[in-house]
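What follows draws every value from the coordinates through simple rules; no lab data is involved. It should be emphasised that the depicted structure is a prediction, and the values quoted were computed from it without experimental measurement. Glycine also receives a Cβ, built like all others from the backbone with ideal geometry; neighbour counts cover every protein chain displayed.
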Amino acid sequence: MQKKVAFHTLGCKVNQYETESMKELFERADYQVVSDQELADIYVINTCTVTKLSDRKSRQFIRRAKRKNPDAKVVAVGCYVQVAEDEVAAIEGIDLLLGTGHKQEIVNQVESLTGEGLRSVVTDVMKPHAYEGMTIETLNEKTRAFVKIQDGCNQFCAYCIIPYARGAIRSRNASEVIEELKRLIAAGYEEIVLTGIHLASYGLDCKEKDALIRLIEEADRLPGLRRLRLGSLEPKWITEDVAKRLGQLKTMTPHFHLSLQSGSDSVLARMNRRYTTREFAEAVRMLRAAIVDPRFTTDLIVGFPGETETEFHETMAYMEKIRFADIHVFPYSPREGTPAADFVDQIDGNIKAERARVLSERVRALREEIFQNYLDQTKEVLLEKQWLPDGSRLGHLADYTPVAVSNTNPDDRWVLVRMERADAQRLYGSVEF
């Protein structure tokens, strides 16, 4: 009888990609992959450690898996394991720990468990090591495919634990990336997202400063690809040359997630973000000059140590200036082992929560304002598998604006949609025949 393995993934698109790759490894070894809500012989929790909340959720899912089936093998992998090995090892009932550099070994490690106690395979990612060659080859139930092309980060922002969890930058061989793209396109994917821990660093470990834009241009030439999307980018990667080259591509989607974190230059300096608000605005200007109607999204941290009311309002004003289409708002979460955790002037939790609330409310209002610009237009929508409670179907425009589409058929994938109304969540429209 086939053994059953279930996965639960926390965190970023890179984690999601690596989970899909690990699923394939188990399937090739004749395991049956099931939902994490089902009874399984093995539970794999791919952990995240970006915030304390991520840590807590990781612990919760590890414990929940053991309660689901006390006889199952419980495996914790990923970033939280890498930076807090002893803390995760203390969770009762866990059988195997794998750090961020050993996910390819997961099947062999699981099969070699003897039941004689916890096994931990966590090595020092800060030492030089090669890119771990994880791939995805089979079609899943999602509309778009994510392809990991890079790992690690050399930025060492003052608040961020990820460089300690993922190690130094490593880039995937461009020919391997292109081969995976070809397989995914052949399998039916027409939209692909290139992702990495610090995507803008792609190729820098090989001293190739223009490696990422050259890879994007090569991907753009692949037959059958209709949309190519980029994961989170650093603003300093955008130059006049890069913006112009992006604007000449037939598949490049006009959606850019540019990492900001604060709209105050003094806060950015304390964060060690290595750019100013002026440089960020210049990146936005160059993209708007080269690409028709680009949509910008970002992340903002509120309540960073020492953040004054003046600095917070600078962020509010800057958000309005750039007119981001959407923003992920995070209250600052101290991460042990990062410089910012030891900064003086830590902000009271109630103040952080209130600033997050105020900023989130304005983000919601701004999002609805921007959605109004789409009304009465007809645009191409790529439909997702997800049906909404009202019987409509979720889809996305090329710029990743979400749309609820009525009167679709189950087999519909690409449709022309008339935008009829909007709220703070999404656009609403119907298919034009």
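Treat every Asp and Glu Cβ in the chain as -1 and every Lys and Arg Cβ as +1, leave all other atoms uncharged, and give the resulting dipole magnitude about the Cα centre to the nearest 20 debye.
Charge dipole of the chain: 320 debye, to the nearest 20.
Viscosity 1.567 mPa s, temperature 4 °C: give me the Stokes-Einstein translational D for the stretch 172-244 in µm²/s, with Rh taken as the Kirkwood radius over C-alpha pairs. Translational D for this selection: 100 µm²/s. Lys/Arg Cβ at +1, Asp/Glu Cβ at -1, dipole of the chain taken about the Cα centre: which of G231, A89, Q425 is farthest positive-ward? Working it through, the farthest residue towards the positive pole turns out to be Q425. About its Cα centre, the stretch 375-431 has a charge dipole of approximately 40 debye under the convention of +1 per Lys or Arg Cβ and -1 per Asp or Glu Cβ, with nothing else charged.
Ordering Q386, T19, Q372 by the projection of their Cα atoms onto the charge dipole of the chain, which places +1 on the Cβ of Lys and Arg and -1 on the Cβ of Asp and Glu, puts Q372 at the extreme positive end. Sorting 87-97, 115-125 by average packing, meaning the other beta carbons within 10 Å per residue, from highest down gives 87-97, 115-125.
Residues of the stretch 397-424 with an amide N closer than 13 Å to a point placed 7 Å from the Cα of S430 along the Cα-to-Cβ direction: 405-408, 417-421.
Put in order of Cβ neighbour count within 10 Å, fewest first, the listed residues K4, K236 become K236, K4.
The phi torsions of the stretch 87-99, fed into the Karplus equation with coefficients 6.51, -1.76 and 1.60 and a -60° offset, translate into couplings of 5, 6, 4, 6, 6, 5, x, 7, 10, 8, 10, 10, x Hz, rounded to whole numbers, with Gly and Pro shown as x. Simple point charges give the picture: +1 on the Cβ of Lys and Arg, -1 on the Cβ of Asp and Glu, and for the stretch 204-316 a dipole about the Cα centre of about 560 debye. Of interest is the spacing of the C-alpha centroids, which for the stretch 1-62 and the stretch 135-198 amounts to 18 Å. Straight distance only, please: which lysines reach the Cα of K385 with their own Cα at less than 16 Å, same-chain residues fewer than 8 apart left out? Once the sequence-local lysines are set aside, what remains near K385 is K142.
For the stretch 317-419, averaging the sequence separation of C-alpha pairs within contact (under 8 Å, six or more residues apart) and dividing by the residue count gives a relative contact order of 22 percent. A simple count of charges around E336, restricted to other residues whose Cβ falls under 11 Å of its Cβ and scoring Lys, Arg +1 and Asp, Glu -1, yields -1. Only helical runs count toward this figure. For the chain, summing -39,500 (n - 2.57) over DSSP H runs of n ≥ 4 and dividing by all residues gives -10000 deg cm²/dmol at 222 nm. For the stretch 190-341, the residue among T308, T276, V329 whose Cα projects farthest onto the positive side of the dipole built from Cβ charges is T276. Taking every Cα-Cα distance in the chain and sorting them into 10 Å bins from zero, the calculated P(r) comes out as 4, 19, 28, 29, 16, 3, 0 percent.
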